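Asks: Take a look at the following structure, please.
The values are calculated or read from the model by the stated rules, or taken from the named source; none is laboratory data. Remember, predicted model here, so these are calculated numbers, not experimental data. Backbone-built Cβ (ideal geometry, glycine too); neighbour counts: all protein chains shown. Note: accessible area is taken over every heavy atom of the protein model, side chains too, but ligands, DNA and RNA are not part of it. Shrake-Rupley method; radii C 1.70, N 1.55, O 1.52, S 1.80 Å.
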Amino acid sequence: MKRWAWVVVALIAAVLGGYRGWQRLQASWTLKAVEVRSNAYLQRGQARPADLMANARALERAAEQDPANVAVKIFQGSQYLLLGRAPKAITLYKQALALEPRAEIHLNLGLAYRLQKNLELAREHFAQAMKLDPRLAEQVPREFGGSKP
């Protein structure tokens with residue numbers, strides 16, 4: 001291949017790589033904005049369903065921009081869990097788990113399965129969460145082997 005062709009290929013790769021980087025950066029900004037809003041909801045005492053759905057929609061766009069961002073999937077799942085939509089939360093947490101096994105994902109799956117009244121799967125995920133990070137026992141309900149009342 002001629003030298004000029006390599007330059008063109010390198011320029012195309014740089015542009016595409018830059019675009020991909022830009023997409024990931026936008027996803028990170030969206031995640032940070034949702035985090036800030038979520039903290040504000042906690043300080044005021046609760047989040048309204050409309051607030052949670054707005055966050056979920058923003059995170060959906062972030063997931064399209066950066067599909068490998070595990071934190072986006074976790075936050076998406078949490079919005080749906082807070083909305084009481086356990087099946088959607090479970091789907092998102094499973095996607096996050098496939099990207100990167102983390103103790104907090106198992107904890108959240110336990111909470112979602114508990115909400116669905118699937119106590120066996122809740123127990124399995126709570127146990128896995130505590131195995132991976134024993135400090136999470138404080139967040140696991142006593143009925144599942146944790147120390148949270």
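Asks: Which one is farthest from Ala63 (Cα to Cα) among residues in region 109-126 that are assigned to a helix (DSSP H, G or I) and of a type in the set (Lys, Arg)?
Replies: Of everything passing the filter in region 109-126, Arg123 is farthest from Ala63 (Cα to Cα).
Asks: Let me ask something else. Can you name every residue in region 78-91 that is assigned to a helix (DSSP H, G or I), open to solvent by 10 Å² or more (accessible area, probe 1.4 Å) and not β-branched (Val, Ile, Thr)?
Replies: Matches in region 78-91: Ser78, Tyr80, Leu81, Leu82, Pro87, Lys88.
Matching residues to (1) open to solvent by less than 30 Å² (accessible area, probe 1.4 Å); (2) in a loop (DSSP other than H, G, I, E, B):
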{"site": "Gln76", "(1), (2)": "yes, no"}
{"site": "Ala96", "(1), (2)": "yes, no"}
{"site": "Pro101", "(1), (2)": "no, yes"}
{"site": "Leu107", "(1), (2)": "yes, no"}
{"site": "Gln128", "(1), (2)": "no, no"}
{"site": "Glu138", "(1), (2)": "no, no"}
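Asks: Restricting to region 108-129, give me the number of residues that are in contact with a Phe, Trp or Tyr (Cβ under 9 Å, 6 or more places away or on another chain), over 15 Å from Tyr80 (Cα atoms) and of a type in the set (A, V, I, L, M, F, W, C).
Replies: 5
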